[in-house]
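Some notes on the structure that comes next.
The values are calculated or read from the model by the stated rules, or taken from the named source; none is laboratory data. Please read these numbers as outputs of a predicted model, since none were measured by experiment. Every residue, glycine as well, gets a Cβ built from its backbone with ideal geometry; the counts of neighbours run over all protein chains shown. The area values use the complete protein model at the heavy-atom level, side chains included, leaving out ligands, DNA and RNA. Shrake-Rupley method; radii C 1.70, N 1.55, O 1.52, S 1.80 Å.
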Amino acid sequence: SEEVQKQLKESEQRYRLLTENFPGAVYICKNDEYYSMLYLTDEIYKLTGYTKEEFLSNKISLVDIFHPDDKDYISNEINNKVEQRSPYHLFYRILHKEGYWVWIEEIGTGVWDNHNLLYLQGYLIDITTKKEEEEKQKAKAKRLIVEQEILNEIIVNPYFANGDFKNLAKIITEKIANRLKIPRVNIWLFNRD
């Protein structure tokens, strides 16, 4: 409609100033099943491997590259928030043209004219490195907890007090194997002491 076109023109002018130096991709899209793009910054190429022209001409849509496990979560989250007229904030994976997964953080909102939802607008940022770092930290923390629990159990064991290393070693290896869900653990002694 004429009104939407006018609104878009104004938004684009405002956006151009804001988005030139923005670290992620900024978009304006329809709230349809493909989130058809009406406006997009060049940064989308870095995120996805596809050009903004490919998105704007509907050759490709974001929905085509959403991780299958994330699709429902994304549309439910956007629909719920748009219904409540509040911003949405999402974390999901997309498949880059080169064949690897990229973690995306998206923040967006609906734009209304009275009661008509004109379009959605927001931005997408690549948070893959942040995500991987988080996973590493999580794994590290988990391991520390396991180590601490095993140490606590060993300290109260009578073999520990008696200095019975042979039986203690047996218990330590069993506990570690159990906790880490691995079949075998060995303790190597390099010298008698």
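Give me D for segment 59-147 in µm² s⁻¹, whole number, from Stokes-Einstein with Rh from the Kirkwood sum over alpha-carbon pairs, 10 °C and 1.306 mPa s.
On the way: Rh = 15.1 Å.
Value of D from the Cα-based Kirkwood radius: 105 µm²/s.
Two decimals, Cα atoms only, Kirkwood Rh: what is Rg/Rh over segment 1-64?
0.97
Grab the beta carbon distance between Lys30 and Lys6, set R0 = 22 Å, and tell me the FRET efficiency rounded to 0.05.
Values: r = 16 Å, r/R0 = 0.74.
Taking R0 as 22 Å, the efficiency between Lys30 and Lys6 is 0.85.
If the elastic network links every pair of Cα atoms under 10 Å, which of Ile74, Ile154, Ile127 fluctuates the most in the Gaussian network model of the chain?
Ile154
Between [x] 15.0, 50; [y] 22.2, 65; [z] 26.5, 87, which entry matches Rg and Dmax of the Cα atoms in Å as derived from the coordinates of this structure?
Only one option fits the structure, namely [z].
With angles folded into 0 to 90 degrees, how steeply does helix 2-19 sit against the dominant principal axis of the chain? Use alpha carbons for both and round to 10.
The helix 2-19 is inclined about 50 degrees to the chain.
For the chain, with the dipole built from +1 on Lys and Arg beta-carbon atoms and -1 on Asp and Glu ones, taken about the Cα centre, which of Phe66, Leu40, Gly99 lies farthest toward the positive end?
Going by the Cα projections, it comes out as Gly99.
Roughly how many percent of the accessible protein surface of segment 153-193 is carbon and sulfur, given a 1.4 Å probe and a whole-percent answer? Walk me through the numbers on the way to the answer.
On the way: 2110 of 3700 Å².
Percent of accessible area from carbon and sulfur atoms in segment 153-193: 57.
Whole number in Å², please: accessible area per residue of segment 111-193, 1.4 Å probe, ligands, DNA and RNA not counted. All intermediate terms of the calculation are to be shown ahead of the outcome.
Values: 6760 Å² over 83 residues.
Solvent-accessible surface per residue comes out at 81 Å².
Pairs of Cα atoms under 8 Å, at least six residues apart: use those to get the relative contact order of the chain, whole percent. Numbers along the way, then the final one.
Details: 230 pairs, mean separation 27.7, N = 193.
In percent, rounded to a whole number, it is 14.
Mind pulling the angle between the C-alpha long axis of helix 165-179 and the longest principal axis of the chain? Nearest 10 degrees, somewhere in 0 to 90.
Once rounded, one gets 20 degrees.
For segment 127-193 and segment 41-100, what is the separation of their Cα centres, given in Å?
42 Å
Restricting attention to segment 1-110, which GluC sites (Glu not before Pro) occupy a DSSP loop and are surrounded by at most 16 other Cβ atoms within 10 Å?
Values: sites: Glu2, Glu3, Glu10, Glu12, Glu20, Glu33, Glu43, Glu53, Glu54, Glu77, Glu83, Glu98, Glu105, Glu106; in loops: Glu20, Glu33, Glu43, Glu98.
Loop-located and lightly packed - Glu20, Glu33, Glu98.
Determine the relative contact order of segment 99-193: mean sequence separation of Cα pairs under 8 Å and six or more apart, normalised by residue count, in whole percent.
On the way: 64 pairs, mean separation 15.0, N = 95.
Relative contact order, segment 99-193: 16 percent.
How big, in percent, is the set of alpha carbon pairs in segment 79-193 lying more than 18 Å apart? All intermediate terms of the calculation are to be shown ahead of the outcome.
Details: 4665 of 6555 pairs.
The answer is 71 percent, as a whole percent.
Using Cα atoms only, what is the angle between the long axis of helix 128-155 and the major principal axis of the chain, expressed in degrees (0 to 90) to the nearest 10?
For helix 128-155, the angle is close to 20 degrees.
Within segment 120-183, which GluC sites (Glu not before Pro) sit in a loop by DSSP and count at most 10 neighbouring Cβ atoms inside 10 Å?
Details: sites: Glu132, Glu133, Glu134, Glu135, Glu147, Glu149, Glu153, Glu174; in loops: none.
Here no GluC sites (Glu not before Pro) fit, given the DSSP loop and packing criteria.
Please report, in debye to the nearest 20, how large the charge dipole of the chain is about its Cα centre when each Lys and Arg carries +1 at its beta carbon and each Asp and Glu carries -1 there. Intermediate values should be presented prior to the final figure.
On the way: 27 positive and 32 negative charges, 217 e Å.
So the magnitude is around 1040 debye.
Ordering Phe165, Phe22 from largest to smallest accessible area (1.4 angstrom probe), what's the sequence?
Heavy-atom accessible area, descending, gives Phe165, Phe22.
Please check the chain for the longest run free of trypsin sites (Lys or Arg not before Pro) that are loop-located per DSSP (anything but H, G, I, E, B) and have at most 14 other Cβ atoms within 10 Å.
Value returned for the longest uninterrupted segment is 98-180.
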